[in-house]
Amino acid sequence: MKPSVRIQQEDFSQDEEIKALQASSKRMGGIATFLGCARDFSEGREVSEITFDAYGSMALSELNRLRSDAIAKYALLDARIVHRIGTVKGGENIVFIAAGAEHRVAALEACRWMIDELKQRVPIWKKEITPQGESWVTPHP
Amino acid sequence: MIRVLFFGPIAAATGEREVPVAHVPGMTLGNLKESLAARYPDAMHLATMMAVNGEHVRDLSLLLADNSEVAFMAKFSGG
């Protein structure tokens, strides 16, 4: 089985990730997921593709810590996080987060918390490639 | 020697991803940041986050050990 936390260039399968999460416990009554995708339009410009740069070793360790923190904070049964780096075209997947808990509230809240924390804590940077040129993205809430 | 790492927008602005800097006893993170700001004035203003040996650090008075890995990082934009 693939590790629960990964940074990879290739696309991922949501079905495989959810099956892996479900396989970790039969006490799981709720699974919440977040899928982040590449938009083909941003700040009034067409975006043909996005490239991601990362401080790989630190990003992986921060993602693992984020998963452990979420499991402890929301009493999750399991959680998974996959983030792509390299080049991602408009409409393609960027990040997948899944939280599994006994009940839905913990799963939903943990999923929201993990994507918000990821944006604050994990050293990954996004550059948008447009017909007018390329620019690093300034984060917004 | 200190290994200084740049990524994303700061790597683009400096044209470097890794820069060796001689270690000086008593050197702090702030000292290192100041010397890099003089060398890369168009890039270091982006450095709002720092990490030493892969851990987030905010304290500029932190003493740097020889062979440390220090990253000066722009605000993250993953996800």
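The values are calculated or read from the model by the stated rules, or taken from the named source; none is laboratory data. Note that this is a predicted model, so its numbers are computed, not measured. Neighbour counts are summed over all protein chains in view; Cβ atoms, including those assigned to glycine, are modelled from backbone coordinates with ideal geometry. For the accessible areas, the whole protein counts, side chains as well, though only heavy atoms, and no ligand, DNA or RNA atoms are used. Shrake-Rupley method; radii C 1.70, N 1.55, O 1.52, S 1.80 Å.
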Which of the residues spanning segment B:66-79 are part of a loop (DSSP other than H, G, I, E, B) and within 14 Å of chain A (Cβ to nearest Cβ)? B:68, B:74, B:75, B:76, B:77, B:78, B:79
Return the total of residues in segment B:32-43 being open to solvent by 30 Å² or more (accessible area, probe 1.4 Å), in contact (Cβ under 8 Å) with a residue 24 or more places away in the chain and in a helix (DSSP H, G or I). 1
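Looking at A:67, A:6 in this structure, which one is within 30 Å of residue B:4 (Cα to Cα), open to solvent by 40 Å² or more (accessible area, probe 1.4 Å), at pLDDT 95 or above and not in a loop (DSSP other than H, G, I, E, B)?
Values: A:6 fails: open to solvent by 40 Å² or more (accessible area, probe 1.4 Å).
Result: A:67 is the single residue among A:67, A:6 that is within 30 Å of residue B:4 (Cα to Cα), open to solvent by 40 Å² or more (accessible area, probe 1.4 Å), at pLDDT 95 or above and not in a loop (DSSP other than H, G, I, E, B).
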Could you list all residues from segment A:79-91 that are within 13 Å of the chain's Cα centre (by Cα) and either surrounded by 24 or more Cβ atoms within 10 Å (Cβ to Cβ) or more than 14 Å from chain B (Cβ to nearest Cβ) (or both)? A:79, A:80, A:81, A:82, A:83, A:84
Considering only segment B:49-60, state which residues are within 14 Å of another protein chain (Cβ to nearest Cβ) and either crowded, with 18+ Cβ neighbours inside 10 Å or in contact with a strand residue (DSSP E or B) (Cβ under 9 Å, 6 or more places away or on another chain) (or both). B:49, B:50, B:51, B:52, B:53, B:54, B:56, B:57, B:58
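Could you tell me which of the residues A:41, A:52 is touching a strand residue (DSSP E or B) at 6+ places or on another chain (Cβ under 9 Å) and closer than 17 Å to residue A:137 by Cβ?
Numbers: A:41 fails: touching a strand residue (DSSP E or B) at 6+ places or on another chain (Cβ under 9 Å).
That would be A:52, the only listed residue that is touching a strand residue (DSSP E or B) at 6+ places or on another chain (Cβ under 9 Å) and closer than 17 Å to residue A:137 by Cβ.
Looking only at segment A:31-46, how many residues end up being open to solvent by 50 Å² or more (accessible area, probe 1.4 Å) and small (Gly, Ala, Ser)?
Step one: filter segment A:31-46 for residues open to solvent by 50 Å² or more (accessible area, probe 1.4 Å), giving A:31, A:33-35, A:37, A:39-41, A:43-46.
Then drop every residue that is not small (Gly, Ala, Ser), which leaves A:44.
Qualifying residue count, segment A:31-46: 1.
Quick check on my filter: what residues within segment B:16-32 are farther than 20 Å from residue A:56 by Cβ and not β-branched (Val, Ile, Thr)?
If we filter segment B:16-32 for residues that are farther than 20 Å from residue A:56 by Cβ, which is where we start, we get B:21-32.
Correct list: B:22, B:23, B:25, B:26, B:27, B:29, B:30, B:31, B:32.
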Conditions (1) under 30 Å from residue B:43 (Cβ atoms); (2) in a loop (DSSP other than H, G, I, E, B); (3) not charged (D, E, K, R); number of the one not met by residue A:91: (1)
Would you call residue B:63 under 25 Å from residue A:124 (Cβ atoms), more than 14 Å from chain A (Cβ to nearest Cβ) and either touching a strand residue (DSSP E or B) at 6+ places or on another chain (Cβ under 8 Å) or in contact (Cβ under 8 Å) with a residue 40 or more places away in the chain (or both)? no
Could you list, in sequence order, all residues of segment B:1-27 that are open to solvent by 30 Å² or more (accessible area, probe 1.4 Å), more than 14 Å from chain A (Cβ to nearest Cβ) and touching a residue at least 24 places away in the same chain (Cβ under 8 Å)? B:1, B:23, B:26
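Quick check, is residue A:50 open to solvent by 60 Å² or more (accessible area, probe 1.4 Å) and part of a strand (DSSP E or B)? Show your work before the answer.
Working: open to solvent by 60 Å² or more (accessible area, probe 1.4 Å): no; part of a strand (DSSP E or B): yes.
Criteria not met by residue A:50.
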